[in-house]
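A.B. asks: My structure is below; once you've seen it, I'll send some questions.
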Protein chains: 2
Amino acid sequence: MKTLSIGMFDSGVGGLTVLKEVRNLLPAEHIIYLGDTARVPYGNRSPHTVTKYALESALFLLTKGIKILVIACNTSAALSLNILKKKLPIPVLGVIDPGAKEAVTHTKKKKIGIIGTKATIRSMAYERAIRRLDPAIEVSSRPCPLFVPIVEEGLEHDEVAYLMAEKYLKEFKDSHIDVLVMGCTHYPILEDVIRKTMGDDVSIVHTGKETAKEVKKTLEREGIISETGRGHSEYFVTDSPESFEEIGSRFLGERITHIKFVKNLDYKDFLLSS
Amino acid sequence: MKTLSIGMFDSGVGGLTVLKEVRNLLPAEHIIYLGDTARVPYGNRSPHTVTKYALESALFLLTKGIKILVIACNTSAALSLNILKKKLPIPVLGVIDPGAKEAVTHTKKKKIGIIGTKATIRSMAYERAIRRLDPAIEVSSRPCPLFVPIVEEGLEHDEVAYLMAEKYLKEFKDSHIDVLVMGCTHYPILEDVIRKTMGDDVSIVHTGKETAKEVKKTLEREGIISETGRGHSEYFVTDSPESFEEIGSRFLGERITHIKFVKNLDYKDFLLSS
């Protein structure tokens, strides 16, 4: 069991900001990452479609031999964590609860802001997670749909990033929150812009960092943590590896190689073939 | 044959700018439109994946009874027109050739600019179509990946639209083209911004308008045009109808109703069920 991998999936490259944190904290673990790049982005899709895609990704990773599943995508975690927890025979973690916990720890004013995709914000998953921990906290949230394409186009230092950050974050500045959760795995690439826009009095929560700590705790609790040797990461994508390699290397801060193409995620196909 | 419908597909709502023109020109025709909203956008995907999706959309429409197929998506037309022409037993038209023809007619300086998605620009489909008509024409092109999300978010009158238009179109202004082809079905929504940015000396080609004329000619030539009565439009989408209704109504300039949800486009499923 210990030698099995950590499975992670995201709609595309975004989850690599989570993978990076998991790898830093757990360098002995093998990681198998799946990016569903043929169907990215999930953020504007319906709950039904996101859940279907999440189930297909989870089943694919299960056939590869994993001991824990990390939903490294806020949209999928917001909409599909419960069903995956119910259906899968291994521990399943999403990025929402660890992010919510960290936000609750840091807020003094009891005012938290959440930014994410339309589907994540509409799901109210962060609100529910935060209110479970402290019902007195005031949560405000808003989708920032242009942040993902801005990051994917490498425009995170361009004036368009600052312009959209001003527009999207204005209401949070007006409502005097003291913690802002980056509820989308793409947003850490914009952390500088978000920090400059919000000012120094607001703590920014990077859910990937918190999720990595939660993965470690879970593996320890279950007695399935690897602590010796050096783990490696393996990458699967549903569209051509080239563009994943290019954008993903920027996300990870190092060149990604050996990316494998998965023809399709229809679970009937890969259950028969594996 | 005459009473069959015109089939049109796009990755999402963009093709509605083409549908609008076809309906204006051919009000007696029935139109069946498919938006593959569960997998939109196609613009950053690989040729392999786009062609797979286009074939699935075409087969779905064939099972609905169509007499002509219009690929109302520049990315799909750029990458899949030839294979669809070969495989389908009915006339198939894309938006590229009509747009290219119109551009060639209008250029006096023999300098044409093309804007579109990454996949469309990378395919060089417009360059090839234009050079077949006049090899002496100089064609410059560039992808404008942020235009689609800007339009989908309803930001077509916002300063972010002008900022990105300035950035994307600067090189065309410097190279003194006199015709610019909007090589993506979303871009007509930005026509005002593009026109203001480029100035009055540059003609802007709306490929949907030209495609509608070509559809009419083809139906006449084949003797399968409907000229009496009033046609209606039917809409199918692969993700939830709500968001298609909201954005699509903006594209079409009137409320869209009766949108039907297609569970999935796996052709094995609908060939068995139809």
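Nothing in this text is a laboratory measurement; each read-out follows from the coordinates by a stated rule. Since we're looking at a predicted model, the values are computed, not measured. Quick reminder, even Gly has a Cβ in these numbers, built from the backbone with ideal geometry, and neighbours come from all protein chains shown.
A.B. asks: Please report the net charge: other residues with Cβ closer than 9 Å to the Cβ of residue B:35, K and R +1, D and E -1.
C.D. replies: -3
A.B. asks: While we're here: Mind checking A:33-42 for the average number of partner chain beta-carbons within 10 Å of each residue's beta-carbon?
C.D. replies: Details: counts 0, 0, 0, 0, 4, 8, 6, 4, 4, 0.
The mean count of partner-chain Cβ atoms within 10 Å per residue comes to 3.
A.B. asks: Give me the net charge for the shell around residue A:193: Cβ to Cβ below 13 angstrom, other residues only, Lys and Arg +1, Asp and Glu -1.
C.D. replies: Every neighbour counted, the sum reads -3.
A.B. asks: Full extension from residue B:28 to residue B:195: what is 0.36 nm times the residue separation minus their Cα-Cα distance, to one decimal in nm? Working shown, then result.
C.D. replies: Working: separation 167, 0.36 × 167 = 60.12 nm, distance 3.23 nm.
Here the answer is 56.9 nm.
A.B. asks: Same structure again: As I understand it, the value is the acute angle between the Cα axis of helix B:207-222 and the longest principal axis of the Cα atoms of chain B; what does it come to in degrees, rounded to 10?
C.D. replies: 50
A.B. asks: Along the charge dipole of the protein assembly as shown, which of B:232, B:219, B:3 sits closest to the positive end, that is, farthest toward it, with unit charges on the beta carbon of Lys, Arg, Asp and Glu (+1, +1, -1, -1)?
C.D. replies: Of the listed residues, the answer is B:3.
A.B. asks: Also: Using only Cα atoms, tell me the angle between helix B:74-87 and the longest principal axis of chain B; keep it within 0 to 90° and round to the nearest 10.
C.D. replies: It works out to around 50 degrees.
A.B. asks: To continue, here is another question. From the label point of residue A:220, set 7 Å from Cα along Cα→Cβ, how far away are the matching label points in the other copies, in nm, ordered shortest to longest?
C.D. replies: The projected label point of residue A:220 is separated from its counterparts by 7.8 nm.
A.B. asks: If you average the sequence gap of Cα pairs under 8 Å that are 6 or more apart and divide by the length of chain B, what percent do you get for the contact order? Could the numbers behind the result be given before it?
C.D. replies: Values: 523 pairs, mean separation 76.0, N = 274.
28 percent.
A.B. asks: Taking all pairs of distinct Cα atoms, average 1/r, flip it, and tell me the Kirkwood hydrodynamic radius of the protein assembly as shown in Å to one decimal place.
C.D. replies: 24.6
A.B. asks: Note down the relative contact order for the range A:1-148 as a percent, whole number, built from C-alpha pairs under 8 angstrom at least six residues apart.
C.D. replies: Dividing the mean separation by the residue count of the range A:1-148 yields 23 percent.
A.B. asks: Ignore the peptide's own chain and count Cβ atoms of other chains within 10 Å of each Cβ in A:146-154; give me the average, rounded.
C.D. replies: Other-chain Cβ atoms within 10 Å of each residue's Cβ, averaged: 4.
A.B. asks: With each run of n ≥ 4 DSSP H residues scored as -39500 (n - 2.57), what mean residue ellipticity at 222 nm is computed for chain A after dividing by its residue count and rounding to the nearest 500 deg cm²/dmol?
C.D. replies: For chain A, the value works out to -14500 deg cm²/dmol.
A.B. asks: Same structure again: To the nearest 10 degrees, how steeply does helix B:16-25 sit against the main Cα axis of chain B, on a 0 to 90 scale?
C.D. replies: Once rounded, the angle reads 80 degrees.
A.B. asks: How many angstrom lie between the C-alpha centres of the range A:52-74 and the range B:176-242?
C.D. replies: Cα centres, the range A:52-74 to the range B:176-242: 41 Å.
A.B. asks: With a 10 Å Cβ neighbour count serving as the proxy for reagent exposure, in which order, fewest first, do B:218, A:228, B:197 appear?
C.D. replies: A:228, B:218, B:197
A.B. asks: Add +1 for every Lys or Arg and -1 for every Asp or Glu among the other residues with Cβ under 10 Å from the Cβ of residue B:113, and state the total.
C.D. replies: Residues near residue B:113 contribute 0 overall.
A.B. asks: Where Rh is the Kirkwood radius over the Cα pairs of chain B, the temperature 4 °C and the viscosity 1.567 mPa s, what D in µm²/s does Stokes-Einstein return?
C.D. replies: D, rounded to a whole number, is 69 µm²/s.
A.B. asks: Can you list the distances in nanometres, one decimal and ascending, from the residue B:128 label point to the identical position in each other copy, with the point 7 Å along Cα to Cβ?
C.D. replies: When each copy's label point is compared with this one, the spacings are 4.9 nm.
A.B. asks: Assume the label is 7 Å from Cα along Cα to beta carbon: what separations in nm does residue B:64 have to the matching positions in the other copies?
C.D. replies: 3.6
A.B. asks: Compute log10 of I(q)/I(0) for the range B:97-207 with the Debye formula, placing one identical point scatterer on every Cα and leaving out solvent, at q = 0.22 Å⁻¹, to two decimals.
C.D. replies: Scattering profile of the range B:97-207, log10 relative to I(0): -1.21.
A.B. asks: To continue, here is another question. By count of other Cβ within 10 Å, fewest leading, how are A:120, B:238 ordered?
C.D. replies: B:238, A:120
A.B. asks: Fewest first, what order do B:211, B:3 take by the number of other Cβ atoms within 10 Å? Before the final figure, lay out each step's value.
C.D. replies: On the way: B:211 28, B:3 11.
Exposure proxy ranking, most exposed first: B:3, B:211.
A.B. asks: Binning at 10 angstrom from zero up to the longest distance, how are the C-alpha pair distances of the range B:9-141 distributed in percent?
C.D. replies: Bin by bin from 0 Å, the calculated values are 12, 42, 34, 12, 1.
A.B. asks: Let me know the mean shielding of B:157-165 by other chains, meaning the per-residue number of their Cβ atoms within 10 Å of its Cβ.
C.D. replies: 3
A.B. asks: Now for a separate question. For residue A:234, which sequence-distant residues (separation of 5 or more, or a different chain) have an amide H within less than 5 Å of its own amide H, given hydrogens modelled in the peptide plane?
C.D. replies: A:31, A:32, A:33
A.B. asks: Quick one: which residues, 5+ away or cross-chain, put their amide H under 5 Å from the amide H of residue A:65? H built at 1.01 Å from N.
C.D. replies: Residues meeting the criterion, in which the H sits 1.01 Å from N, do not exist here.
A.B. asks: Under 8 Å for C-alpha pairs, at least 6 residues apart: give me the relative contact order for the range B:97-207, rounded to a whole percent. Mind showing how you got there, number by number?
C.D. replies: On the way: 167 pairs, mean separation 39.5, N = 111.
That works out to 36 percent.
A.B. asks: Here's something else I'd like to know. How large is the convex hull of the C-alpha atoms of the range B:145-258 per residue, in Å³?
C.D. replies: Details: hull volume 17.2 nm³, N = 114.
Residue-normalised Cα hull volume stands at 151 Å³.
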